[in-house]
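Engineer: Pasting a structure here, questions to come.
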Amino acid sequence: MPKGYSRLQIALHWIVFALIVLQYVLHDAIAEAWEAFEHGREIAFNPLVFQHVSTGILIAVLAFVRISVKMKRGAPALPEEEPALMKLAAKVTHLALYAFMILMPMSGAVAWFGGVENAAEAHEIMKPFLLALIALHVLGALYHQFVLKTNLMDRMRTADKG
């Protein structure tokens, strides 16, 4: 089991994070386009709509790449002194993050390309849950760094040499 993450794993982590932030920040154009679609109005070309759709697809692709790299290379173990309940919470949170990084783009694509309103509703329902998971992930990292002082955050800043 590696002691830290590889350069590729670290890069993928931060790239996907930035892309997800971009999706939330630039969300208005796709929401307006979907509303126009629902009301039978013509959807004018908007580069921010294209950005949202293509970035969503990219996030899903990169999530699969992350999973593949993790399966081949592994990931560092959680600190031994960490309570079992916290280890379980970390595993469940990471699994849920990966699931949402795949399910949100899939539901968005089915809604956008297939015109499936239920997929759009599922996409909207997942948004606050993904935000909550990201907040939990960040709070967990900060808790490790500043309360437990495990220096866990270094693993996402400095690549493992091994």
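Engineer: With contacts defined as alpha carbon pairs under 8 Å and 6 or more residues apart, what's the relative contact order of the chain in percent?
Structural biologist: Value for the chain: 36 percent.
Engineer: Something else now. Which of the chymotrypsin sites (Phe, Trp or Tyr not before Pro) found in the stretch 57-137 are in a DSSP loop and have at most 15 neighbouring Cβ atoms, other than their own, within 10 Å?
Structural biologist: Here no chymotrypsin sites (Phe, Trp or Tyr not before Pro) fit, given the DSSP loop and packing criteria.
Engineer: What percent does the relative contact order of the stretch 105-162 come to when contacts are Cα pairs within less than 8 Å and at least six residues apart?
Structural biologist: On the way: 26 pairs, mean separation 10.0, N = 58.
17 percent.
Engineer: Run the helix sum for the chain: -39,500 (n - 2.57) per DSSP H stretch of 4+ residues, divided by residue count, reported at 222 nm to the nearest 500 deg cm²/dmol.
Structural biologist: On the way: 5 runs with 115 residues, N = 162.
-25000 deg cm²/dmol, from helical runs alone.
Engineer: Using DSSP to define loop residues, name the GluC sites (Glu not before Pro) in the stretch 1-103 whose beta-carbon has at most 15 other beta-carbon atoms within 10 Å.
Structural biologist: Listed in order of number, the matching sites are Glu42, Glu80, Glu81.
Engineer: Which distance in nm do the two modelled labels at Thr158 and Met71 give, with both placed 7 Å along the Cα-to-Cβ direction?
Structural biologist: 3.2
Engineer: Straight-line reach only, C-alpha to C-alpha below 19 angstrom: list the aspartates and glutamates that Lys3 could link to, leaving out same-chain residues fewer than 8 apart.
Structural biologist: Filter leaves Glu80, Glu81, Glu82, Asp154, Asp160.
Engineer: Something else now. Whats the longest run of the chain with zero trypsin sites (Lys or Arg not before Pro) that are DSSP loop and have at most 16 other Cβ atoms within 10 Å?
Structural biologist: Result for the longest clean stretch: 42-148.
Engineer: How big, on average over all directions, is the shadow cast by the Cα convex hull of the stretch 7-156, in nm²?
Structural biologist: That works out to 9.7 nm².
Engineer: Under a point spin-label approximation (7 Å from Cα along Cα-to-Cβ), what is the Glu117-Phe64 distance to one decimal in nm?
Structural biologist: Between Glu117 and Phe64, the label points sit 3.1 nm apart.
Computed from the coordinates by the stated procedures, all read-outs in this text should not be read as laboratory data. Since this is a predicted model, take the numbers as computed values, not measurements. All Cβ positions, glycine included, derive from the backbone under ideal geometry; neighbour counts span all protein chains shown.
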